[in-house]
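The values are calculated or read from the model by the stated rules, or taken from the named source; none is laboratory data. Nothing here was measured: the structure is a model prediction, and the numbers come from that model. Positions of Cβ are backbone-derived with ideal geometry, glycine not excepted, and every protein chain shown enters the neighbour counts.
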Amino acid sequence: MRKLSALKGQVEEWQQLDQQSESLNELLALALDEGDDSLLDTFNEEFETITRTLDDLEFKLVLAGEYDDRNAIIGLHAGAGGVESQDWVRMLMRMYLRWAERRGFEAEVLDLSPGDEGGVKSALLQINGDYAYGYLKAERGVHRLVRLSPFDGDHARHTSFALLEALPEAQEGVDVTIDPDDIKIDVFRAGGHGGQSVQKNSTAVRLTHLPSGIRVSCQNERSQHQNKEIAMRILTARLVERELQRRAEEMAKIKGEHISPEWGNQIRSYVLHPYQMVKDHRTGWETSDSDAVLDGQIDPFIKAYLTSTVGASG
């Protein structure tokens, strides 16, 4: 029913665009017949609106994957480099939260592991919105930052790395069936910086899916029940992603392609010194407005990559 409703909505969007085009064509014919230039501004405004809508609808056709219309869960993980890379994860986390806000999506921090000195070691975010996974799957891979380090007394230039993984929100029993006997549950005390941030009760939860060996832990919430619920949500998404990866690897073998390991797949560089540039290594798309990108304006990168994948598959 959910899929039927989504398809019905898509058809209605195209039908509405068709009606707007017919109305605009009639307006143009009327203006030409009467030699009325006063309608020119109205025509141009309507034409620009229709063109933008058409571009958006055409791009949605790119998002035709099995789970593209789903909500997304993204994981951010600091690479080697200590506090420098952990601060980079913090910056990326803000970037994606701002991106979600700009699109009118809902964002929730599912789990977060703070750095020892600052920044974030790893974070799991849930982004809820139409085609959130379809968009954010374009962001998976290694993100590289080059800047003058604020943590270095000599203000030397540092290079930091962070890994982003994107998972489609999945439903247990619908997308994947999990046997309760296949789940090992461990509970432990949530970590922190000490003091009041350390839980005295064992509220953190770790789930291990025995057949696959996949481990998921959550300690962000105050109750064991909430942490278990979120951990199960993440585990379900990881199992679906594992199946998608298996299919991709099978297809790659047939085509003779090579799939790089996650940490070996550097997709984008963010250079803040000695010049300003953000460049996507897969498409060549770049901009010198790094501040805007880090404030969540990443749609041009996403669209460029997803469009290029359609061309490649053709």
Picked from the range 77-132 (must be closer than 16 Å to Gln219 by Cα and of a type in the set (Asp, Glu)), the residue surrounded by the fewest Cβ atoms within 10 Å (Cβ to Cβ) is Glu108
Out of the residues in the range 194-222 meeting the condition of being under 22 Å from Gly75 (Cα atoms) and loosely packed, with under 15 Cβ neighbours inside 10 Å, tell me which one is modelled with the lowest pLDDT.
Arg222
Please state which one of Ala237, Ala231 is at pLDDT 90 or above, under 19 Å from Gly141 (Cβ atoms) and assigned to a helix (DSSP H, G or I).
Ala237
For the range 4-53, what are the residues that are part of a loop (DSSP other than H, G, I, E, B) and among the small types (Gly, Ala, Ser)?
Gly35
When you look at Ser5, is it more than 23 Å from the chain's Cα centre (by Cα), within 26 Å of Glu106 (Cβ to Cβ) and of a type in the set (Gly, Ala, Ser), yes or no?
yes
